1. Could you grab the pairs with beta carbons closer than 6 Å, sequence gap of 6+ or different chains, first residue in segment 156-171 and of a type in the set (A, V, I, L, M), second one crowded, with 16+ Cβ neighbours inside 10 Å?
2. For the list (1) modelled with pLDDT under 95; (2) surrounded by fewer than 16 Cβ atoms within 10 Å (Cβ to Cβ), I need the number of the one condition that Thr170 fails.
3. When Arg71 is evaluated against the numbered criteria (1) touching a Lys or Arg at 6+ places or on another chain (Cβ under 8 Å); (2) in the same structural domain as Tyr38 (by TED's automatic domain parsing); (3) of a type in the set (Lys, Arg), which criterion, by number, is the only one it fails?
4. Name every residue in segment 107-147 that is hydrophobic (A, V, I, L, M, F, W, C) and closer than 21 Å to Asp86 by Cα, in order of residue number.
5. Can you find, within segment 104-121, the residue that is surrounded by the fewest Cβ atoms within 10 Å (Cβ to Cβ) among those that are of a type in the set (D, E, K, R) and closer than 21 Å to Gly61 by Cβ?
6. Filter segment 122-147 down to the residues that are more than 13 Å from the chain's Cα centre (by Cα) and assigned to a loop (DSSP other than H, G, I, E, B), then identify the one that is surrounded by the most Cβ atoms within 10 Å (Cβ to Cβ).
7. Here are the criteria: (1) assigned by TED's automatic domain parsing to the domain that holds Phe51; (2) over 20 Å from Ala55 (Cα atoms). Tell me which single one Thr113 does not satisfy.
8. If we only count strands (runs of 3 or more DSSP E) wholly inside segment 1-111, which ones have 2 or more residues that are modelled with pLDDT of 95 or more, among the β-branched types (Val, Ile, Thr) and in contact with a strand residue (DSSP E or B) (Cβ under 6 Å, 6 or more places away or on another chain)?
Amino acid sequence: MTDRVGEPAREEPDEAPDEAPERFREQPRYAATTERVYANDRIAVSWEPGFCIHAAECVRGLPAVFDNQRRPWVIVDNATPDEIGDVIQRCPTGALHFRRVDGGPQEPVPAQTVVRERPNGPLFVRGNVTVFSQDRALIREDTRVALCRCGASENKPFCDGSHRKVGFRTTPGPSGRDQG
């Protein structure tokens, strides 16, 4: 399986790291309308905590910039804009995005839309994604989203990490192995 056309899929741990305390969604900073921006004269990083499920691609990818034990948890001066942009594009939920203010390359929109099942978790969607509500109202336009499969999310149709709390489990895919 490939993550993007022509690129091998990245291995992901079966369970999310311990960064997310069980009741983290109850904290006001995780409200669906909250957005934080961390910027310097080269790059602006935006984080929407309401879409973050603590997959921790950022923390593992560039711990000098992304450290959830520090406040502020994002320090954009600790790496180059190219390094930061590369790591942000690993975020499977779209909770993190970047905008180059130094004239460097902006975050690309993938040419193809790809949906990947996450073992025991959400569907990760990458591409030019538009999500509408059942009454056809626009909910979100993004290049990366995580969609709930367990039915327990309080932020439907998006994943909020509830699959871990309810013990959601998937079955092996057609090849006899978990898809991922």
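The values are calculated or read from the model by the stated rules, or taken from the named source; none is laboratory data. Everything numeric in this text was worked out from a predicted model, so none of it was measured. FYI the Cβ positions are ideal-geometry reconstructions off the backbone, even for glycines, and counts take in every protein chain you see.
1. Val166/Cys150; Val166/Ala152
2. (2)
3. So the condition that Arg71 fails would be (1).
4. Step one: of segment 107-147, the residues hydrophobic (A, V, I, L, M, F, W, C) are 109, 111, 114-115, 123-125, 129, 131-132, 137-139, 145-147.
Answer for segment 107-147, where residues must be hydrophobic (A, V, I, L, M, F, W, C) and closer than 21 Å to Asp86 by Cα: Val109, Ala111, Val114, Val115, Phe124, Val125, Val129, Val145, Ala146.
5. Let us first name the residues in segment 104-121 that are of a type in the set (D, E, K, R), namely 107, 116-118.
Add one more test, that the residue is closer than 21 Å to Gly61 by Cβ, and what stays is 107, 116, 118.
Details: Glu107: 14, Arg116: 17, Arg118: 23.
Ranking the qualifying residues of segment 104-121, first place goes to Glu107.
6. It comes out as Ser133.
7. (1)
8. Values: elements: 2-4, 36-39, 43-47, 96-100.
Per the criteria, 43-47.
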